[in-house]
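Asker: Pasting a structure here, questions to come.
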Amino acid sequence: MPSAAPTKPASRLGAKIRQLRRQENLSQVQLAERLAISPSYLNLIEANKRPLTAPLLIRLAQTFHLDLKALAPDDEARVSEELMEAFGDPLFEPLDLPASEVRDLAQNNPSLARAVSQLYGAYRAARQGLDALSATFSDGQAFDPDRTRVPAEAVGDFLQRAGNHFPDLEAAAERLWAEAKLDQDWILPGLVRAFEAKGIAVKVHRAAERPGQLRRFDAERRELSLSELLPAKSRAFQLAHQWALLWESELLDRLASDPHLGTPGTRALARIALANHFAGSVLMPYGPFLKAARAERYDVELLGRRFQSSFEQVCHRLTTLRRPGAEGVPFHFLRIDIAGNISKSFSASGIHIARYSGCCPRWNVHAAFLTPGIVRTQVSEMPDGRKYFCIARTLQKDTGGYRGQHAMQAVGLGCEMAFAKELVYADAVRLDQPPVPVGVTCRLCDRTDCEQRAFPPLQQPFKVDENLRHSSFYARL
């Protein structure tokens with residue numbers, strides 16, 4: 001049976017209704033007439049002083065020709081959390097901004113809140129560029145402004161807005177399956193034959209021949225070369241990725257034409273992300289993969305063996321199962337390195353993942369580095385009281401050979417506690433155990449009894465008692 005989303009509390013939708021009304025150039029009187037309510041009652045709704053009933057929601061959807069998902073609270077909550085994180089910067093510490101005022105800004109003026117968030121993002125990029133430029137003067141290396149994470153952040157926002165689900169890419173992957181008559185158990189040979197049918201030879205090159213190159217397509221010679229360093233499952237993924245670049249290029253361009261992807265570099269990065277999505281859809285076709293995920297209770301390692309995909313690829317694919325009427329468990333996902341830098345993240349579970357700084361050190365994704373290759377579980381609770389069940393495991397990325405680099409990363413996958421029993425990893429865990437108190441970042445977490453706190457909380461004034469010393473300078477046990 002499809003997973004049913006747990007009931008969520010009602011959200012304040014007044015600002016969204018006001019925004020929709022203004023977009024249609026309607027006065028409160030005109031909209032009130034269409035909704036069969038009084039202008040004064042509409043005014044109270046827009047001010048979040050009256051609830052929005054189910055019949056009114058339906059009339060609103062009919063009036064504005066909306067999918068009710070357009071009124072979902074997730075985007076508002078995400079903007080609010082991003083704004084909280086931005087104002088958590090020490091830059092704003094002298095202003096002593098109350099957290100309640102920050103959240104009111106996001107709820108009552110969402111467009112202005114997004115603008116402030118984007119402005120802060122631009123400030124961060126400029127500051128990173130300045131840091132890089134400063135390094136240029138000290139070590140003499142060329143300055144590359146594209147080293148900033150702004151394109152990656154923009155692409156991450158793009159994927160988040162789409163719910164990490166692209167029906168057209170899923171359909172394109174299904175067309176390839178039908179056209180190439182792929183076999184799940186022998187997908188690599190099937191993809192090779194599909195390329196050969198298009199007049200493109202698939203070769204394997206030695207690592208020394210093309211150092212650092214894992215995939216290279218030569219259009220003139222009509223040859224696709226894959227490195228011997230790639231295992232079979234990675235070769236299949238790279239073949240599917242290249243297929244998207246060659247024969248689904250118009251679709252990638254259309255999807256990457258999102259106005260929020262403003263620069264050519266950002267759109268190019270989005271095309272790569274979309275091609276990766278297509279490749280995952282080919283290796284793990286939606287219907288069979290969802291059926292297997294439910295049957296095997298989201299056993300990532302087993303699914304990886306069955307669908308010839310890596311642990312990370314399976315985790316990422318699980319976050320894309322958002323097809324209406326055929327949805328999987330709504331997961332959040334993140335990937336970090338050993339320094340705590342977040343290189344990839346997505347959240348369908350409702351949890352907020354830090355955007356401008358590292359995530360909470362209490363998350364089990366950090367502890368995964370202590371037990372490489374072993375899946376760790378965690379029952380956690382966020383400051384807002386929501387509980388999550390999470391798994392985490394390290395990834396070993398080798399470039400091959402004794403002299404090759406052996407980078408280690410860790411991935412975390414989690415869901416709300418309401419879905420925990422659907423996961424095989426929960427069988428050996430007492431779900432009623434006291435949860436680990438975690439947060440987003442130190443600046444956004446109001447738990448003052450945390451010995452791992454690195455910064456004072458934004459919500460509380462910072463006070464120093466020179467005659468009192470705790471185990472942590474910012475903790476108040």
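The values are calculated or read from the model by the stated rules, or taken from the named source; none is laboratory data. Only a predicted model underlies this, so the values are computations on that prediction, with no experimental measurement involved. Cβ sites come from the backbone with ideal geometry, for glycine too, and all protein chains shown count toward neighbours.
Asker: Condition test on residue 353, is it of a type outside the set (D, E, K, R), over 16 Å from residue 161 (Cβ atoms) and in contact with a Ser or Thr (Cβ under 8 Å, 6 or more places away or on another chain)?
Answerer: No.
Asker: If we only count strands (runs of 3 or more DSSP E) wholly inside the range 306-404, which ones have 2 or more residues that are closer than 30 Å to residue 235 by Cβ and among the aliphatic types (A, V, I, L, M)?
Answerer: 332-337, 387-398
Asker: Can we say residue 281 is of a type outside the set (Lys, Arg), surrounded by 17 or more Cβ atoms within 10 Å (Cβ to Cβ) and modelled with pLDDT under 95?
Answerer: For residue 281, the condition - of a type outside the set (Lys, Arg), surrounded by 17 or more Cβ atoms within 10 Å (Cβ to Cβ) and modelled with pLDDT under 95 - is not met.
Asker: Kindly list the number of the only condition in (1) outside any helix (DSSP H, G or I); (2) under 30 Å from the mean Cα position of the chain (by Cα); (3) loosely packed, with under 14 Cβ neighbours inside 10 Å that fails for residue 253.
Answerer: Condition not satisfied by residue 253: (1).
Asker: Condition first: exposed (fewer than 15 other Cβ atoms within 10 Å of the Cβ) and in a loop (DSSP other than H, G, I, E, B). Now tell me which residues in the range 214-227 satisfy that.
Answerer: Across the range 214-227, the qualifying residues are 219, 220, 221, 222.
Asker: While we're here: Give just the number: which of (1) within 30 Å of residue 120 (Cβ to Cβ); (2) modelled with pLDDT under 75; (3) over 29 Å from the mean Cα position of the chain (by Cα); (4) of a type outside the set (Lys, Arg) does residue 46 not satisfy?
Answerer: If we test residue 46 against (1) within 30 Å of residue 120 (Cβ to Cβ); (2) modelled with pLDDT under 75; (3) over 29 Å from the mean Cα position of the chain (by Cα); (4) of a type outside the set (Lys, Arg), just (2) comes out false.
Asker: Which residue out of 219, 201, 197, 207 is touching a residue at least 24 places away in the same chain (Cβ under 8 Å) and of a type in the set (A, V, I, L, M)?
Answerer: Selected residue: 207, the only one of 219, 201, 197, 207 that is touching a residue at least 24 places away in the same chain (Cβ under 8 Å) and of a type in the set (A, V, I, L, M).
Asker: Within the range 354-370, count every residue that is of a type in the set (A, V, I, L, M, F, W, C) and crowded, with 20+ Cβ neighbours inside 10 Å.
Answerer: So the answer is 6.
Asker: Go through (1) modelled with pLDDT under 95; (2) surrounded by fewer than 23 Cβ atoms within 10 Å (Cβ to Cβ); (3) within 20 Å of residue 377 (Cβ to Cβ) for residue 336 and report which single condition fails.
Answerer: (2)
Asker: Something else about it: Scan the range 437-447 and tell me whether some residue there is acidic (Asp, Glu) and in contact with a Lys or Arg (Cβ under 7 Å, 6 or more places away or on another chain).
Answerer: Checked the range 437-447: no residue is acidic (Asp, Glu) and in contact with a Lys or Arg (Cβ under 7 Å, 6 or more places away or on another chain).
Asker: Another question, then. May I ask you to list the residues in the range 390-417 that are farther than 23 Å from residue 343 by Cβ and modelled with pLDDT of 90 or more?
Answerer: Residues satisfying the conditions are 416, 417.
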